[in-house]
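These notes concern the structure reproduced below.
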Amino acid sequence: NKSSHFNEVLNIQKHYQNAIVQGSLYHDFVWIGEHQLCYTIGKGGSSKNLLSSFDQNKYNIYRINRGGEVTCHMPGQLVVYLIFNLKNYKKDLNWFLRKIEQIIINTLSYFEIKSSTKKGFTGVWCEDKKIASIGIGCKRWVTIHGFSLNIDCDLSNFNKIIPCGIEGCIMTKVSEFHPHLNISEVKRIVKNFIEAEFNLNFVSE
């Protein structure tokens with residue numbers, strides 16, 4: 001299970017987003033996979049959320065065009081990118097974010113993990129610990145980026161940042177509830193719920 005370089009996948013996303021915006025592509029694009037260790041920060045994100053232990057020479061950090069603060073990607077974390085033309089659904093980013101939260105909650109519930117949203121925040125929590133982060137960008141109603149769900153990753157990578165800019169935010173992962181779950185099994189279920197929520201059929205590229 002190869003983890004991808006963040007930059008490569010970012011370029012793929014931009015390519016599809018531009019093609020949909022320009023009208024040369026008529027279907028949505030979904031990428032599901034894992035990244036090598038890197039940190040990303042949203043366009044309005046504050047570098048105050050990188051702690052003093054964060055060595056910018058040692059870790060890859062990307063400032064990208066999405067909402068939200070700083071987060072971390074790494075092997076063992078499922079990352080899902082949704083390049084969707086909201087003109088075909090609902091021109092409403094809030095609606096789209098709630099849909100993504102529902103997909104994550106449904107996926108966790110499938111594995112008998114109870115989770116919920118938190119008022120005033122975007123993302124999904126298991127009680128007071130955060131298990132999934134969401135950050136999207138949008139250009140002419142075509143979305144980019146998406147969400148990450150911690151499956152069996154090294155949570156200590158989050159110790160160098162204030163995750164999503166939330167003071168005291170403690171992260172958790174699926175393997176803390178369900179120790180022997182394979183990430184490819186979670187990927188399959190996430191795919192099913194994306195299809196169900198957005199009424200899609202996946203076609204491999």
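Excluding ASP152 itself, calculate the net charge of residues whose Cβ lies under 14 Å from the Cβ of ASP152, where each Lys or Arg counts +1 and each Asp or Glu counts -1.
Summing Lys/Arg as +1 and Asp/Glu as -1 gives -2.
Mind listing the phi-derived Karplus ³J(HN,Hα) values for segment 157-165, rounded to whole Hz, using 6.51, -1.76 and 1.60 with θ = phi - 60°, and x for any glycine or proline?
Values, residue by residue: 4, 7, 5, 8, 9, 9, x, 6, x Hz.
Apply the a/c threshold of 1.5 to the C-alpha gyration tensor of segment 2-158 and tell me whether it is rounded, prolate or oblate.
Since a/c reaches 1.5 but b/c is at least a/b, the shape of segment 2-158 is classed as oblate.
If you average the sequence gap of Cα pairs under 8 Å that are 6 or more apart and divide by the length of the chain, what percent do you get for the contact order?
23 percent
Based solely on C-alpha atoms, express the radius of gyration and the Dmax of segment 5-69 in angstrom.
14.6, 45
Quick one: which of LYS14/LYS87; LYS87/LYS129; LYS91/LYS119; LYS91/LYS173; LYS58/LYS139; LYS14/LYS119 span more than 29 angstrom between C-alpha atoms?
LYS87/LYS129; LYS91/LYS173; LYS58/LYS139; LYS14/LYS119
First select every other residue whose beta carbon is under 11 angstrom from the beta carbon of VAL80; then total the charges, Lys and Arg +1, Asp and Glu -1.
Every neighbour counted, the sum reads +1.
Evaluate the relative contact order of segment 37-153 (contact order divided by residue number), counting alpha-carbon pairs under 8 angstrom at least 6 apart; express in whole percent.
Answer for segment 37-153 is 29 percent.
Over the chain, with a Gaussian network built from C-alpha contacts below 10 Å, which listed residue (ILE64, ILE144, ILE166) shows the highest mean-square fluctuation?
Answer for the Gaussian network model of the chain: ILE166.
Multiply the residue gap between SER52 and TYR26 by 0.36 nm, knock off their C-alpha separation, and tell me the result in nm, one decimal place.
Length gained between SER52 and TYR26: 4.8 nm.
Give the residue list of GluC sites (Glu not before Pro) in segment 62-112 that are DSSP loop and have at most 16 other beta-carbon atoms within 10 angstrom.
Of the GluC sites (Glu not before Pro), the ones in loops of segment 62-112 whose Cβ has at most 16 other Cβ atoms within 10 Å are GLU112.
So if we plug the beta-carbon distance of LYS119 and GLU167 into 1/(1 + (r/R0)^6) with R0 = 22 Å, what FRET efficiency do we get, rounded to 0.05?
Step by step, r from the Cβ atoms, then E = 0.85.
With the full set of protein chains in place, find how many percent of the accessible area of the chain is carbon and sulfur; take the probe as 1.4 Å.
46 percent
Classify segment 90-130 from the C-alpha gyration tensor, please: rounded if a/c falls under 1.5, else prolate or oblate depending on whether a/b exceeds b/c.
Taking the square roots of the gyration eigenvalues as a ≥ b ≥ c, segment 90-130 is oblate.
How much mean residue ellipticity at 222 nm does the chain get from its helices, if each DSSP H run of length 4 or more adds -39500 (n - 2.57) and you divide by all residues, to the nearest 500 deg cm²/dmol?
Helix-only estimate at 222 nm: -8500 deg cm²/dmol.
Ranked highest first by the average count of other Cβ atoms within 10 Å around their residues, in what order do 37-47, 70-80 fall?
The most tightly packed comes first, giving 70-80, 37-47.
Show me, for segment 55-61, the HN-Hα J-couplings you get by feeding each phi into the Karplus relation (A = 6.51, B = -1.76, C = 1.60, θ = phi - 60°), rounded to Hz, glycine and proline as x.
With the stated coefficients, segment 55-61 comes to 9, 5, 7, 8, 10, 6, 10 Hz.
First check a/c for segment 131-205, with a ≥ b ≥ c the square roots of the eigenvalues of its C-alpha gyration tensor; if it is under 1.5, answer rounded, and if not, answer prolate when a/b is larger than b/c or oblate otherwise.
Oblate, since a/c reaches 1.5 and b/c is not below a/b.
Would you mind telling me which residue in ASN57, ASN11, ASN88 has the biggest mean-square fluctuation in a Gaussian network model of the chain, where springs connect alpha carbons within a distance under 10 angstrom?
Of the options given, ASN57 has the highest mean-square fluctuation.
What nm value, rounded to one decimal, do you get for the distance between LYS87 and ASN60 when each label is placed 7 Å out toward the C-beta?
Rounded to a tenth, the inter-label distance reads 3.3 nm.
Enumerate the aspartates and glutamates that LYS160 could reach by cross-link, defined here as Cα to Cα under 16 Å, with residues fewer than 8 away along the same chain left out.
Result set, ordered by chain and number: ASP55, GLU69.
The values are calculated or read from the model by the stated rules, or taken from the named source; none is laboratory data. Source: prediction; values computed, not measured. Please note: Cβ atoms are built from the backbone with ideal geometry, for glycine as well, and neighbour counts cover all protein chains shown. These area figures cover heavy atoms from the full protein model, side chains too; ligands, DNA and RNA do not enter into them. Shrake-Rupley method; radii C 1.70, N 1.55, O 1.52, S 1.80 Å.
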